[in-house]
Amino acid sequence: MDGKENQPETAAGSTTPAARSRVRSAVRVVRRPFTRTRARRAGGMLAVLGVAVAGVALGLMLAGHVDADIGPFRAKLSVGPSLTGETKVDIPPLGSLVLDSHNGPARLTVELGELDQRRTEALIDDPTGITRATQSVVGDIQRGLMRLGFRAAAVSMLSAMILAWLIYRRAGRVAAAGLTALVIVLGSLGIGALTIRPQSIEEPRYEGLLVNAPALVGDVQKIASDYNKYAEQLQRLVGNVSRIYATVSTLPTYEPQEGTTRILHVSDLHLNPAAWSVIRTIVEQYRIDAVIDTGDITDWGSEPEASYVASIGLLDVPYVYIRGNHDSTPTQRAVAGQPNAVVLDNQVTEVAGLTVAGIGDPRFTPDKETSVKGTTEEEQARLAATGARLATTIVDAGKPVQIALVHDPKMAGPLAGDVPLVLAGHTHNREVRDLVEGDPSTLLMTEGSSGGAGLRGLESEEPVPLAMSVLYFDETKKLQAYDDIRVGGTGQSQVTLERRLVGDTVAPMLTPAPESVPSLEGIQSPESSAAPSPESAAAPSPESGAAPTPSG
């Protein structure tokens, strides 16, 4: 009895390992399909994710940018992948600002393009335009970003769905890829929006030419401390700017005899866009026959700055130009590409009936550290040698030359006695003096800065006016008179005109005060009063104009 009871236990115990093996095998057989399914599912999800990422990349390449109007600018907003998340503001031709504005895998780029002429003119004509434009810029950017986000998300989703359809041709995978792409784009933009840091605008990183901004505008702390003063002055200037131009148009002009040639001399525009408006106004109102530019039309001579010279082509008169020490060879080529431009570099040409010779500055010194080399004996000898080259060219021309053009007045010495008139710039200070008296005589006329010294004008305690001159030549091509015109400056709305008669006294200076500008009372127009004549020219005034400013 006892033996029979123990027998099943022994049998059961002897079969336990085999049974367990069979159980494990059965479990593996049952589990294998589930494991393979899970692996395939994970692989499928990764593949869909890869297709979605590829769709996002394709979508951003195709549609990750929009054109937007930001204030008076035409701008381009674009978004792209980034490991850190930042905002880059491209400001042609100066360079760019990089702001640590947000986190996330999306980078925003804002590229400021050209000024819209219609909106800019409306801004100038409206006294409250600056204030309203400042308030509207935020809204312009927000609307642009909303359009950019929706456009990028929609096209990225569509691109991912098209790729998934080409690969899988299964509706489920196509929908999954599109939804994943949408989540990637909106998630990236959402992270950026949630982590935005407005204070980053106070600590930008400069790239390109803007790296030199401290050297260009001087002490940043000083300018920052004066910001409120500049802002208030700018408001007053904008409030009267349309009337300033109206005042320029009503200034009495020289009443020359028939056959007189009018030449507008400008110099050292230094990228100031406001200069073109004044130049166009004077060309139209004074019936200018040709414009002469004695250099430094740009600041750093970079290729992006070349777009600034496109305004030359908007003038309906010849534009004679020589290279300044801030102008590079690409700058000279850009000017030469304008349909009405005449570029002189040790050459002689005829413009508006006058024979003109000119030569470019031999230096290229756009920054302050190198520009001071012009004071060394070696540099002075180099400048004098360049002037001597032009003098040789004039003599070899075999015909009388009425005007010689140089950028730096230090180049004018060798020209004494070879031409009656030498025009120069560079110093940002108006000066007229005799290089040589007697017969033949040579008059040297150095122009102030027609661009108000550009950004360098901010370094001066007093605002730098936009200075230019109208020269009057009679039928014999002899200089008879000239008008020195100065317009405003930062925070000023004055327009001044000084009538100067060659070899005679100086006519009274017209200075419309800011308070009288709106009504233009007391300002005589050509229709209401004749221009001062040589007989009416009264007390002389100094030959120099505005105080010197940092020159190029």
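The values are calculated or read from the model by the stated rules, or taken from the named source; none is laboratory data. Given the structure is predicted, the values throughout are model-derived calculations rather than measurements. Glycine also receives a Cβ, built like all others from the backbone with ideal geometry; neighbour counts cover every protein chain displayed. For the accessible areas, the whole protein counts, side chains as well, though only heavy atoms, and no ligand, DNA or RNA atoms are used. Shrake-Rupley method; radii C 1.70, N 1.55, O 1.52, S 1.80 Å.
Does the stretch 394-410 hold any residues that are assigned to a helix (DSSP H, G or I) and over 36 Å from the mean Cα position of the chain (by Cα), and which are they?
I394, V395, D396, A397
Within the stretch 431-448, how many residues are open to solvent by less than 10 Å² (accessible area, probe 1.4 Å) and either among the aliphatic types (A, V, I, L, M) or in a loop (DSSP other than H, G, I, E, B) (or both)?
Residues meeting the conditions: 4.
E232 - would you say it is loosely packed, with under 14 Cβ neighbours inside 10 Å, modelled with pLDDT under 85, charged (D, E, K, R) and under 21 Å from V487 (Cβ atoms)?
Taking the combined requirement at face value, the residue satisfies it.
Based on this model, can you work out whether L390 counts as open to solvent by less than 10 Å² (accessible area, probe 1.4 Å) and under 23 Å from A290 (Cβ atoms)?
Judged against the criteria, L390 is a match.
Can you work out which of the residues in the stretch 355-393 that are at pLDDT 95 or above and β-branched (V, I, T) is farthest from the chain's Cα centre (by Cα)?
T392
Between A357, A310, A381, A306, which is within 23 Å of D484 (Cα to Cα) and of a type outside the set (S, T, Y)?
On inspection, the qualifying residue turns out to be A357.
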